[in-house]
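Single-structure report; data block below.
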Amino acid sequence: MSEYIISLQGVTKDFETKNGLVQALKGINLDIEPGDAYGIIGLSGAGKSTLVRCINLLETPTEGKVIFDGKTLTGLKHKDLNLERRKIAMIFQQFNLLMQRDALGNVCFPLEIAGVPKDEAKKRAMELLKIVDLEDRAHSYPSQLSGGQKQRVGIARALATDPKVLLCDEATSALDPKTTRSILALLKKINRELGITLVVITHEMDVIKQVCNKVAIIESGSIVERGEVQEIFTKPKTAAARKLFFPDGEGKETALKISHTHRIRIAFKDEHTYDPVVSNMILELKAPVNILYADMDVVDGHQRGQMVICLSDDEAVAEKQKAYLRAHDVDFAEVDVEEEEEA
Amino acid sequence: METSVLVGLLWQGLLETLYMTIVSTLVAYIIGLPIGVSLIVTSPNGIKPVSWYNKSMGFVVNVIRSVPFLILMIALMPYVRKIIGTGIGTQATVAVLIVAAAPFVARLVEQSLMEVDPGVIEAAQSMGASNMTIIRKVMLLEARPSLLNGAAVATITILGYSAMAGVVGGGGLGDLAIKYGMYRYETTIMWITVIVLVVLVQILQEIGVKAAQKLDNRL
Ligand SMILES: Nc1ncnc2c1ncn2[C@@H]1O[C@H](COP(=O)(O)OP(=O)(O)OP(=O)(O)O)[C@@H](O)[C@H]1O
Ligand SMILES: [Mg+2]
């Protein structure tokens, strides 16, 4: 048994199109541990959907291996693959419910496929509808349900066969902000309480912040950065990550073309979020700083603040300011203006 | 002509027409439905693409469909006579109707199944459903309203074909209209058969639409 529930090894996917070959995935290596809520974020066309569809082989990788729970799925016979697929559930942006079946019938469907007797399936489906707060709508058809309710049915259906993994492809992109929050809270609960591994595809950083503990950033078919959400939020290494995490900050920085030197980004951890570190530094060193951008956020359940400031133009003072921040255990990184503007 | 004789003729014609229509529609579906399903399943975007099958079956269907019914009927007569012993009457007409209608039904079924949301099929695949399960429980069920509407269209078309078979003595109301209306100038009989045919079409259309609505849970 491997320590990973999902492992992608050198996965590539090419599509033949009229306009030539599209390399949707270019050698993806990705390991997901049991219990992870793993986010995959990227811009439209980056290859997110292709990547997640490769996990349950809705898309056959051109090259590479997909390993699920110690079993290599790539190259498996159709019949054996179908057995494994029951342990990898999926929910969709457009919900994809059977329009001719009511909520209960939809939740029963995967159980029918798995050969569970009718009565037993119905009983289990009712329990699941209770979990997603829809027991009173069991006999409503999808056309009679709201988007949020449809996704809840989708989630109940996904949980029916006790999956180990739940793949979510833009599961909240068709929903309004309030409904999105409630669905994300439900996903988080499923991850925490049922211990189901989540793979969350999204183009919205808020979704990652609310649900995920780990994240991979995908850009034109390659993963450019990955790690703990906390870590990447604090110290994004690539321009792609910074752009996704601080879309506002980046814009304002480039708009304000002042002092090209000594610009730093500070990320506060929980304990510092409430400490006036920067104020104290100004008071103590008697040298002002220029605050370009500041924001506060909750990431994966932790309070996170970030600030972009310009240190003193005086080299010596700037060094002192940096030393002060280091001494107070504040994470910061120099902002490379050239690179920012390119990105 | 005496009214009782007239009613007797019309009644027999109606029964023959209904018999030909119902039997040929049923058999055309028994043959055409699986063909329609197979065309969707094996299409390039289907759940099991099989290019050579899709292309050759599509070709056969198109060839038969592009021959006008009357010509097909005349062309098939010698073979029908050889196989079932007669080239006229309801049996012969049913045989020709089936050949003509099965490809038509196949295309109707194909069109209905094309309307099924690919996302729902994909969801079923992600659950590990076999192709057979997807065909039976997803495609055919999700397309049910459209399939029923198609069945009404097919039945009405076959009814029309069966009347055309009257030209070659195929039995039924069409035969009656031609024998009495055209050759013996009994216009009353001809107009009565026309009215009966119109009423039949209306009834079939209504049944189709009502059944499709009743069995559509999207409404
Ligand atoms: N079936 C296909 N045939 C041809 N090209 C495809 C196919 N599916 C995806 N692609 C291409 O692969 C690339 C990645 O697509 P993908 O759907 O994975 O992007 P995405 O990150 O999910 O985007 P979005 O956020 O818009 O959903 C795109 O360039 C797309 O055009
Ligand atoms: Mg996508």
Open item on the list: Of the residues A:89, A:24, only one is within 16 Å of ligand 1 (Cβ to nearest atom) and assigned to a strand (DSSP E or B); which?
Closed with: A:24
Open item on the list: Just to verify a result, which residue in the range A:47-60, among those that are more than 10 Å from ligand 2 (Cβ to nearest atom) and in a helix (DSSP H, G or I), is farthest from residue A:299 (Cα to Cα)?
Closed with: A:54
Open item on the list: Please go through the range A:199-215 and give me each residue that is away from every other protein chain (no Cβ under 14 Å) and away from ligand 1 (no atom under 12 Å from the Cβ), ordered by number.
Closed with: A:200, A:205, A:206, A:207, A:208, A:209, A:210, A:211, A:212, A:213, A:214, A:215
Task: Test: residue in the range A:158-167 that is within 16 Å of ligand 2 (Cβ to nearest atom) and in the same structural domain as residue A:87 (by TED's automatic domain parsing) - done: yes
Task: Within the range B:53-135, helices (runs of 4 or more DSSP H) holding 1 or more residues that are more than 14 Å from chain A (Cβ to nearest Cβ) and crowded, with 18+ Cβ neighbours inside 10 Å - done: B:69-84, B:90-114
Open item on the list: Take the conditions without any contact (Cβ under 8 Å) to a residue 60 or more places away in the chain, within 24 Å of the chain's Cα centre (by Cα) and within 30 Å of residue A:304 (Cβ to Cβ) and apply them to residue A:186. Does it pass?
Closed with: yes
Open item on the list: Just to confirm my filter: which helices (runs of 4 or more DSSP H) fall fully inside the range B:143-219 and include at least 1 residues that are at pLDDT 90 or above and closer than 30 Å to residue B:40 by Cβ?
Closed with: B:144-164, B:187-214
Task: Residue that is open to solvent by 70 Å² or more (accessible area, probe 1.4 Å), away from ligand 2 (no atom under 15 Å from the Cβ) and of a type in the set (A, V, I, L, M, F, W, C), where the choices are A:21, A:8, A:43 - done: A:21
Open item on the list: Checking residue A:59 against (1) surrounded by 20 or more Cβ atoms within 10 Å (Cβ to Cβ); (2) under 20 Å from residue B:126 (Cβ atoms); (3) within 16 Å of ligand 1 (Cβ to nearest atom), only one condition comes out false. Which one?
Closed with: (1)
TODO: Kindly indicate whether any position in the range A:226-234 is open to solvent by less than 10 Å² (accessible area, probe 1.4 Å) and not β-branched (Val, Ile, Thr).
DONE: yes
Open item on the list: For the range A:122-145, check the following and say yes or no: at least one residue is within 16 Å of ligand 2 (Cβ to nearest atom) and either more than 12 Å from every other protein chain (Cβ to nearest Cβ) or in contact with a helix residue (DSSP H, G or I) (Cβ under 9 Å, 6 or more places away or on another chain) (or both).
Closed with: no
Open item on the list: Looking for something facing chain B (nearest Cβ under 9 Å) and open to solvent by 60 Å² or more (accessible area, probe 1.4 Å) - is there at least one such residue anywhere in the range A:94-111?
Closed with: yes
Task: Pair list, Cβ under 8 Å, 6 or more apart: the range A:277-289 residue among the small types (Gly, Ala, Ser), other residue part of a loop (DSSP other than H, G, I, E, B) - done: A:287/A:312; A:287/A:314
Open item on the list: So, in the range A:168-198, exactly how many residues are of a type outside the set (Ser, Thr, Tyr) and either within 14 Å of another protein chain (Cβ to nearest Cβ) or within 16 Å of ligand 2 (Cβ to nearest atom) (or both)?
Closed with: 6
Task: Considering residues of the range A:66-86 that are farther than 16 Å from residue A:166 by Cβ and open to solvent by less than 40 Å² (accessible area, probe 1.4 Å) only, the residue nearest to the other protein chains (Cβ to nearest Cβ) - done: A:82
Open item on the list: Please verify whether residue A:152 is open to solvent by 40 Å² or more (accessible area, probe 1.4 Å), charged (D, E, K, R), more than 16 Å from ligand 1 (Cβ to nearest atom) and under 21 Å from the mean Cα position of the chain (by Cα), treating the condition exactly as stated.
Closed with: yes
- [ ] Identify, by number, the condition in (1) part of a loop (DSSP other than H, G, I, E, B); (2) within 16 Å of ligand 1 (Cβ to nearest atom); (3) touching a helix residue (DSSP H, G or I) at 6+ places or on another chain (Cβ under 6 Å) that residue A:44 doesn't meet.
- [x] (3)
- [ ] Only residues that are among the β-branched types (Val, Ile, Thr) and touching an Asp or Glu at 6+ places or on another chain (Cβ under 9 Å): list them for the range A:89-132, please.
- [x] A:91
TODO: Answer with yes or no whether residue B:162 is under 27 Å from residue B:24 (Cβ atoms), within 14 Å of chain A (Cβ to nearest Cβ) and open to solvent by less than 20 Å² (accessible area, probe 1.4 Å).
DONE: no
Open item on the list: Take the residues in the range A:129-143 that are surrounded by 15 or more Cβ atoms within 10 Å (Cβ to Cβ) and within 13 Å of residue A:154 (Cα to Cα); name whichever of them is nearest to the chain's Cα centre (by Cα).
Closed with: A:132
Open item on the list: Cβ-Cβ distance below 7 Å, separation of 6 or more or different chains: which pairs start in the range A:211-229 with a residue that is on the phi > 0 side of the Ramachandran plot and end on one that is within 16 Å of ligand 1 (Cβ to nearest atom) and open to solvent by less than 20 Å² (accessible area, probe 1.4 Å)?
Closed with: A:220/A:46; A:221/A:24; A:221/A:25; A:221/A:47
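The values are calculated or read from the model by the stated rules, or taken from the named source; none is laboratory data. It should be emphasised that the depicted structure is a prediction, and the values quoted were computed from it without experimental measurement. Please note: Cβ atoms are built from the backbone with ideal geometry, for glycine as well, and neighbour counts cover all protein chains shown. Ligands, DNA and RNA are stripped out before the accessible areas are found, and what is left, the full protein with its side chains, is counted by its heavy atoms. Shrake-Rupley method; radii C 1.70, N 1.55, O 1.52, S 1.80 Å.
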